[in-house]
Structure formats: structure tokens, C-alpha cells
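What follows is a set of notes on a single structure, which appears directly below.
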Amino acid sequence: MTVKQKHSPRSSGVEDGKTLVQRIDLDTILVEEIGQFGWYQFRTLLLAVLMVIFAAWAASEYVFTTARISTRCLIPECEGGDAIDFSPPWILNAVPGSSSGSFDSCQRFANVSALTRPDTCPASLFDRQRVVECEEFVYQNTDTIVYDYGLACDEWRRTLIGSVRTFGTLLALPITGYVSDRWGRRAALTINAVNTAWLGTVRYFAGTYVGFLISEVAEATFGSGGFSCAYILLMELVGPKYRVAAGATMNTFFSIGQITMGLIAWAVPNWKSFTLALYIPQFVTISYFWIMSESIRWYMSKGRYDDAETVLKNVARVNKKELSEKSIHALKQSAEEEKIRQAAEQEERLKEPWLIVLVFRHKRILLRCLVSPVWWITNTFIYYGMSINSVNMSGNRYVNYIAVSAAEIPGYWTAVLLMGKIGRKPVLAGAFWVCAACQIGYIFMPEDFYAVSLTLYLIGKYSIAMVMTSVYVYTAELYPTRYRHSLFAFSSMMGRIGSIVAPLTPAFGAAVWEDLPFALFAGFALLSGILVLITPETLGTKLPDTMEEAEQIGKKQST
């Protein structure tokens, strides 16, 4: 009787004497043997999303700790002592305004008399034709650092904190990347998480503006890489069928983190108590070094095959699957062959021109390198800018922030659904333009129409969340495999410009025009939507491996 031996359709075999050696990769083992998304991956996802929630708290807490406080000038002619009413009946006699609840925060009418009338504070004490800057301030509350560090009407120093913190996240990228590649994803994640916890807690004791600023930068530089570590750990463990959904889930829980942070800020408005409420729970991440497994792919890349085998068998056991010794042996051999191939490719790459030279030789790639950073800058500028400005809208600042954060979640999943059906370009350009239309509508909406204004704002945030998901996928598909990481990283790094400038937008509005931030959002979104149209559609196309193949994407579609 003859027995036919089955060969996996996703692997190839070469018979050498008595041994049949199959080439196999980790994705094949995930798909065919241990499961693409079983209980083991689900457990890792739960640990990852908790880390993502903590990362969201740390990334956005400055929105509340540095938020504006309503202020007015202290009127020494009419008030003194400790018990000062923020909105006394006579306030419009001394301060420009339209009502007892709406008056100037930074200016007052000049004094024309040396008399003091604390009982009535009549208008006769002031020259209503001459307005002067405040010398001292009265604060409506003491909830944020604006009170502690005397930042009333100092929008530039207040908003600079957010920009400097975001610059710290830029510094974190190379540091976290080095630690992750050198000592592992799990080690990098734990180090970032623990740094976030203790540096954030130390901020409670910051007694000066400079001290607060340094603590924000230090925490961002040495702790903000936790999200990317958790993201990579999960992506390297989940099978290809579930990676897009897993990525969208991570983004979703980042928004959930922002929502929960808004609720905590609402319950604990004082910035010092709020800081402790956010950062002390994060010390639980110390346990991640023991309860979360290291990346199998990282073990393989370092030649630590026994460790990789141990994790693989554990995944199979938890997922109630069987892992064959033959597959483990084939995976080791394939990893060794891949190392040899990469070494040869590295030697060959040394003989090639620099990447920038290659880009200039391929005009279509050059065009994409020029326009894709604009999408990324626009994306981060609007995404973070809308979150930051939401607390300055009329109405309850906590409700506004929570609603704006919640609007992101359907945006992520809408993009996942539509990109595979109507294409990348329609989704990306359409989302940019809808966002621009919402910004324009918001600018011209009367202040009395709070519900309509908020609705437009939420649709705008929903649209930019669609962009956030789409731009990752589309940018990666435009570039060849050999240079994809470098060219993608270039666009992503340029995008940090938008996130660094975004915290300054309230200061732009205070200095120039109240609605300037939204006009900037609209202008950049319109421009980016137009720039999407000059790049090719990638839906249904094979990922290009070379510069020549990448150029053919657009040419094939045009013919």
C-alpha cells in the first residue's frame, strides 16, 4: 500500500537523502497549527489594552492639568482680604464685558480716583474709555497649574507644556527602539511603563513651572514608548487574519483611555490629586515583566530558539492546539536561512546608492515622499488639536472631552470596514474633506447653537479618526518592501511636527483670532484631501518589493 505524504500549500519541501526539510515561517505555524487568535493571544491583548489605557492617560493628562482657569483682574479699589467673589454685582463697572457671567479675563478699566468704595464700587471710579492690563488676578478656582504657577493670561507658557511634552515623545522613539531590539519588547514595555508611573507621580511634588516642565519632558522621553511596545508585541503574536482588527482594537482602547481619564478628571478636578489618581495605579505594570511573554519573533531574531520553542509550546497548550516537532525544526532552519539572506542583502545594499538618491531617480516615489508627510502632519495636527481645544469650548469641559474622545472609536472601525470595500483613496480623501467641512461649519455656527456646534465638532473628530487608521495602511502600501520601513518612518517622523504644534493652537486663537485653530484645521484637511488624489489606489494590488514595482502601481492603473 502506498501512503501519500501531504505538503502544506504555504511551505515548500526539498528532499535531501532521507530527510524532507520544509521551509516554514511563524505565520504558517500560527495559521495551521497553534491558532491565529486563541486564548493565549486574547490574554496578551487584555494585558496590552490595559497598557494602552495607561498610555492614553499619560499622553493626554496635560489637557486637564494645564487647562485654562477663568480669571479677572483684582480690583484693589473695591475688594481685598481672602474672601473675594469672582463675579460680584459691580464687576461690569470695573471690567469690560457683556454680562456678569461674561467679562474680560485679562484687562480692566483704568482707575480715575484714589477713593475706595468696597460696598458699591461705582462706575465713577473708573475711566471706561481707557483699558489697562491686570496687575493681579482673581481665579475662579485653583484646579490647575495655571493658579499654582501664576499663568493667568499667559497662554504661550501654558500651551508650551503640551508642545514640549510631545517633543519628548519624539526623543522616546529611538531610545525605545534600541532597548526593544537589544533587550526585547517585554523589557522595553516594562521599562517605559514603570518610568511613566514613577516620573508621573513625582510631578505631584513639582513646585515651579520649570520643574513641572522638566517632569513632563522626562516622562515623555523615558516612558511614552509603552504604546508602541505593546502594539508590536501583540502584532508579532497574532495571525495575519486578525492583525488589522487587533490594531483597530488597540486604537479603540486608546480612546477608551481618554474617556476614562475625562471621567477621572471630572471626579478629581484638582491637578495634584488627579495626577496621583492617574499614575499610582500604573505601578501594577511592574508585574508585566513576569506575566507577559517575550516576542517569539524577537527570540528567533536573536538565535534564542529554545526560548522561542518554549513560548510556542505554551501558546499551543493554552490554545488547546498541537505543535509538531517537525514544524519547530523547520522554523529554526528557516530562521537561519533568513539570517543568511538578510546578511547577503545587507552586503548588496552597501553597494547601492543612498536611499535619497534612489528616491530622486524614481519620480513617482519622490512625489509620494513629498505628499505623504503632509497627510501625517495634518492628521496629527488636527487629531491632537481637536482634543486639546475641546476643553475650551462652551459647555462642560469634561463632557466635551469625553464626547470628542468617544467619537474616535466608530471612526477607527468605519475606516477598517470601508478601506477593503471602496478603496484607500476615497476613504482617506473623503475623511479629510468631511473634517474640513465640519471645521468651516463650526467657525460660522452661532454660539447659541451649542448642540449643533458640538455635533459638527464630533463629526470632525470621527473623520480625523478615520484618517488616523487609513493613513497607516495606505502609506505602507505605497512604498517597496526593501525601503518601506525607512520611507514610512520618514512620513511618521514628519507627522510629529503636527502633534508638537497642536498644543499651541489655543495660544494662536488667543493672540490672533478665536477661530484660527479651526481655520488651520480646515485648510490643512482640504489640502491633504487634494494631495491624496495624485497618488495611486492600492486596494487589491500586491505589496511592491522594489522601487520599480512601486512605480508600476500608478502606471498600471492609469493604463
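Summary table below
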| read-out | value |
| --- | --- |
| Test: residue in region 357-377 that is in contact with a Phe, Trp or Tyr (Cβ under 6 Å, 6 or more places away or on another chain) and closer than 27 Å to Met445 by Cβ | no |
| Enumerated helices (runs of 4 or more DSSP H) restricted to region 7-101, each holding at least 3 residues that are surrounded by fewer than 19 Cβ atoms within 10 Å (Cβ to Cβ) and at pLDDT 90 or above | 39-60 |
| Any hit, region 514-525, residues being open to solvent by 10 Å² or more (accessible area, probe 1.4 Å), part of a helix (DSSP H, G or I), among the small types (Gly, Ala, Ser) and outside the structural domain of Tyr231 (by the TED database) | yes |
| Subset of region 102-117 that is of a type in the set (D, E, K, R) and assigned to a loop (DSSP other than H, G, I, E, B) - its residue that is surrounded by the most Cβ atoms within 10 Å (Cβ to Cβ) | Asp104 |
| Residue in region 384-402 that is out of contact with any Pro (no Cβ under 8 Å at 6 or more places or on another chain), under 27 Å from Met493 (Cα atoms) and open to solvent by 60 Å² or more (accessible area, probe 1.4 Å) present | no |
| From Val434, Val452, Val427, residue being in a helix (DSSP H, G or I), assigned by the TED database to the domain that holds Thr541 and farther than 22 Å from Ala519 by Cβ | Val427 |
| Near pairs, Cβ below 6 angstrom, 6+ apart or cross-chain, from region 410-422 (farther than 19 Å from Ser255 by Cα and outside the structural domain of Ser463 (by the TED database)) to any residue that is open to solvent by less than 40 Å² (accessible area, probe 1.4 Å) and outside any helix (DSSP H, G or I) | none |
| Residues being open to solvent by 10 Å² or more (accessible area, probe 1.4 Å) and either in a helix (DSSP H, G or I) or among the aromatic types (Phe, Trp, Tyr) (or both) - total across region 407-418 | 7 |
| Out of Ser324, Ser301, Ser287, Ser293, sole residue that is open to solvent by 60 Å² or more (accessible area, probe 1.4 Å) and of a type in the set (Ser, Thr, Tyr) | Ser301 |
| Filter result (surrounded by fewer than 20 Cβ atoms within 10 Å (Cβ to Cβ) and of a type in the set (Val, Ile, Thr)) within region 445-472 | Val452, Thr455, Ile459 |
| Selected residue (criterion: nearest to Trp90 (Cα to Cα)) from residues of region 118-152 that are open to solvent by less than 60 Å² (accessible area, probe 1.4 Å) and among the small types (Gly, Ala, Ser) | Ala123 |
| Subset of region 482-496 (residues that are in contact (Cβ under 8 Å) with a residue 24 or more places away in the chain and either surrounded by fewer than 18 Cβ atoms within 10 Å (Cβ to Cβ) or closer than 14 Å to Leu173 by Cβ (or both)) | Ser486, Phe490, Ser491, Ser492, Met493, Met494, Gly495, Arg496 |
| Single residue of Val357, Val399 found to be part of a helix (DSSP H, G or I), modelled with pLDDT of 90 or more and of a type outside the set (Lys, Arg) | Val399 |
| Helices (runs of 4 or more DSSP H) completely within region 203-316 that count 2 or more residues being in contact (Cβ under 8 Å) with a residue 24 or more places away in the chain, farther than 27 Å from Arg496 by Cβ and of a type in the set (A, V, I, L, M, F, W, C) | 243-267, 288-291, 296-301 |
| Pairs where the first residue, in region 439-453, is within 17 Å of Asn396 (Cβ to Cβ) and the second is part of a helix (DSSP H, G or I) and open to solvent by less than 50 Å² (accessible area, probe 1.4 Å), C-beta under 8 Å, 6+ apart | Glu447/Ser453; Ser453/Tyr442 |
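The values are calculated or read from the model by the stated rules, or taken from the named source; none is laboratory data. Note that the coordinates shown come from a computational prediction; the quantities given were computed from them, not determined experimentally. As a convention, Cβ positions derive from the backbone with ideal geometry for all residues, glycine included, and neighbour counts pool all protein chains shown. Accessible surface is based on the protein model in full, side chains and every heavy atom, while ligands, DNA and RNA are left aside. Shrake-Rupley method; radii C 1.70, N 1.55, O 1.52, S 1.80 Å.
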